[in-house]
Each structure stands twice: as structure tokens, then as C-alpha cells.
Amino acid sequence: ARQAAVAEAQGPGRTADGHLVPLLANIGSPADLDAAREAGAEGVGLYRTEFLFLDRTEAPAAEEQRRAYQAALEAFPGGKVVVRTLDSGADKPLAFLPSAAEPNPALGERGLRMFRKFPEVMEAQLGALAEIATDDLMVMAPMVATAEESRWFAQQCRAKGLRGVGVMIEIPSAALRARDLLAPVDFVSVGTNDLSQYAYAADRQLGAVSALHDPWQPALLDLVALAARAAGDVGKPCGICGESAADPALACVLVGLGATTLSMGAGALPAVRAGLAAHTLQQCTFAAEAAREQTTAGAARAAARVHLPELA
Ligand code: PEP
Ligand code: MG
């Protein structure tokens, strides 16, 4: 059994009973691609593109953008690559995009809101992506709050000929109305870092409130469940790309909640793959149900682990 487990640990993400869950990498620049491949990632589930725009007074040239995105497609032939459009704002200010000082940067003009305000930036990024598009290239927008924003983003992408279009679910309104946000797009991906921040009204960068960011918090699990169920109902993928997916027990719970792919920092991939391979989909489902019955993060973790005995 141990040998089988080791063999599983090198193959694609799957549960003990063969339910496939592609395990993808979160990357912050092409420099992360080697580590992702070595850790056995099956593709890129979150390509944070901010690095291209940092420390600059001008937008990156189209050619530079194309090369950066192309590198990910080349690193994973046949694997999917989800590129997230620029996620900046007063919380991640850029020299070439004027961002007025805001009293609450996390609640201000960031993510898709900035993208709408600077159409030339959007045109350049979507244009670069369209030029290298393949069936494996997906594009998704961060910080989408409403169905109208999802429709707008989908229209911009479709107008450029992009076919794999998605939105992140990282604001509670988006999770609550996931069905509406899903209608114009092909997939959603849950960003549990921001989703937790907004669900618990607790700044993700502030140590004093970090206890509220426990990724096992029951309300966070409920919001993920809403998004995953909405996606399952319409037969569209629901990935997870926040830090939650990097905890092997929680990764099983997320699969039990209906997540179809998991994306994480490369370092977490081997343990998550092994944890998943050691449990059946039904164990994952039971773990998810047991976790959601609890009223605290600690109790949710403990209740889930009863159903995940191989993660002792
Ligand atoms: C998230 O918010 O969970 C996420 C994946 O995006 P980022 O951490 O880049 O905000
Ligand atoms: Mg986010």
C-alpha cells in the first residue's frame, strides 16, 4: 500500500478511488515555473501578473507580456494555464497607474475596478493574451463583486477572441451570487485569502486579526460551498487558488465541497497530492460535511480529520 501511495504521489491529482482533481501551481513570475514542474504541478491555476507591472513608470511592452505568458504555456504542454489579469490598487500601488490614497485600500479601487478605470492597460494585457491563446490558456479577473462585472469582463475577453474566461470568487457577494457570476463565463476560481478577509472583516495583512483568517473558519467553508455548488449545478469548473488549498486536510475538504481543481504554491503540492490519494471522494465529502457542522475553526479541523485517517 505504501508503494502504491508513493506511485500515486507522482501521478495526477486524484482521490484513492480515482476521482481526478488536477493539482496546479500558483506562480508570481516565470521564475516560479521550474519549481512548479518539479513538484509535479499539472498546470498553473493562478498566474499573478502584477510582477510585470511593478517598479515601472510605463506599462510593459506587449512583447514582454506575451513572452511572460507564453513561458507558462511552454512549461506545461497540454496543461492548463490560468492567467489572472492585473490585480493592483491602493493596496498594491503601481508607479505608472495613479492610485489616490484611500482610507481603506482593500475596499477601494483595486483588481477589476482598476482595470476598468484604465482601459489601455486592459487592452494591452488582453491583447497580449489573445495573441498567444491556445485551448489551454484561461484568463480570469480578480475582485469581481457583481454579475454585471462578470458580464463586462467576459465581453471584453470574448471581443478579443479569448475562449477560456473566468472570474475569481473572493468577495462574499460573489460567492452568494455565484450562479449569476458564472452565467457569462466558463469557470470560477475561489481566492480564499481575500474571501476570508472580506467575510470576517479582518485585514489580511494585520497580524492582530490573523486568528480570524484561519482557513477552517466555518463561514469561509460555507462560502466556498456556495460557489462550488453553483458551479456544479451548471457543470462548470470551480477551482480553489487561495492558501486554503495548501493544507492537505483542508484540500480534501475543499474537494468534498465540490472544488474541481486545487492550485497552491509549489511547495505544498506533494503533501496535498499524497493526502488526496490516500482518501476516497466519499471520505472527502464526509469530512466536508463534518467540518461545516462545527461552529469554530478548530472544531471544524478536528471533525474533518476524523474522516481523513491517513493524515494523522
Ligand atoms: C486570494 O485572494 O485568495 C488570491 C488567490 O489572490 P491574492 O492572494 O493574489 O489576492
Ligand atoms: Mg485575492
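Values quoted throughout were computed directly from the atomic coordinates according to the rules given, and no laboratory measurement underlies them. Nothing here was measured: the structure is a model prediction, and the numbers come from that model. Cβ atoms come from the backbone with ideal geometry, glycine included; neighbour counts cover every protein chain shown.
Once you divide the Cα radius of gyration of the range 175-289 by 2.2 N^0.38 Å, the number left is 1.03. Can you give the log10 of the normalised intensity I(q)/I(0) at q = 0.19, 0.25 Å⁻¹, computed with Debye over equal Cα scatterers of the range 116-156? Summing over Cα pairs of the range 116-156 leads to -0.63, -0.99.
Taking 26 Å as the straight-line reach from the Cα of residue 236, the lysines in range (excluding those fewer than 8 positions away in the same chain) are 80, 160.
The label point for residue 107 and the one for residue 35, both projected 7 Å from the Cα toward the Cβ, are 3.5 nm apart. Taken along the Cα-to-beta-carbon direction at a fixed 7 Å, the label points for residue 299 and residue 146 span 3.8 nm. Counting 0.36 nm for each residue step from residue 306 to residue 219 and taking away their Cα separation leaves a gain of 29.3 nm.
In the range 156-232, the inverse of the mean reciprocal separation of distinct Cα atoms equals 13.2 Å; this is its Kirkwood hydrodynamic radius. Summarising the overall dimensions of the range 2-96 from its C-alpha atoms, the Rg and Dmax are 16.5, 54 angstrom.
Tabulate in residue order the Karplus-calculated ³J(HN,Hα) for the range 202-217, using 6.51 cos²θ - 1.76 cosθ + 1.60 with θ = phi - 60°, rounded to whole Hz; enter x for Gly and Pro. Calculated HN-Hα couplings, in order: 9, 3, 5, 9, 9, x, 4, 10, 5, 4, 6, 8, 4, x, 8, 3 Hz. Computed from the C-beta positions of residue 211 and residue 123, the FRET efficiency with R₀ = 51 Å rounds to 0.75. Take every Cα-Cα pair in the range 95-181 and report what % of them are more than 15 Å apart. Percentage above 15 Å: 60.
Length gain on complete extension for the stretch residue 234 to residue 176, per 0.36 nm per residue less the alpha carbon to alpha carbon distance? Present the calculation step by step, with values, prior to reporting the outcome.
On the way: separation 58, 0.36 × 58 = 20.88 nm, distance 1.54 nm.
19.3 nm is the gain from fully extending residue 234 to residue 176.
With q set to 0.09, 0.15, 0.16 Å⁻¹, the log10 of I(q)/I(0) for the chain, from the Debye formula over equal scatterers at the Cα positions, is -0.42, -1.20, -1.35.
Using the Cβ-Cβ distance between residue 57 and residue 289 with R0 set to 35 Å, the FRET efficiency works out to roughly 0.10.
Of 232, 155, 296, whose Cα points farthest to the positive end of the dipole of the chain (charges on the beta-carbon: +1 Lys, Arg; -1 Asp, Glu; origin at the Cα centre)? My answer, from the dipole projection, is 232. Over the range 103-240, the pair-distance histogram of Cα-Cα distances with 10 Å bins from zero comes to 13, 41, 33, 13, 1 percent, rounded to whole numbers. Mind checking which of 270, 184, 98 has the largest fluctuation in a GNM of the chain, springs on alpha carbons under 10 Å? In the Gaussian network model the winner is 98.
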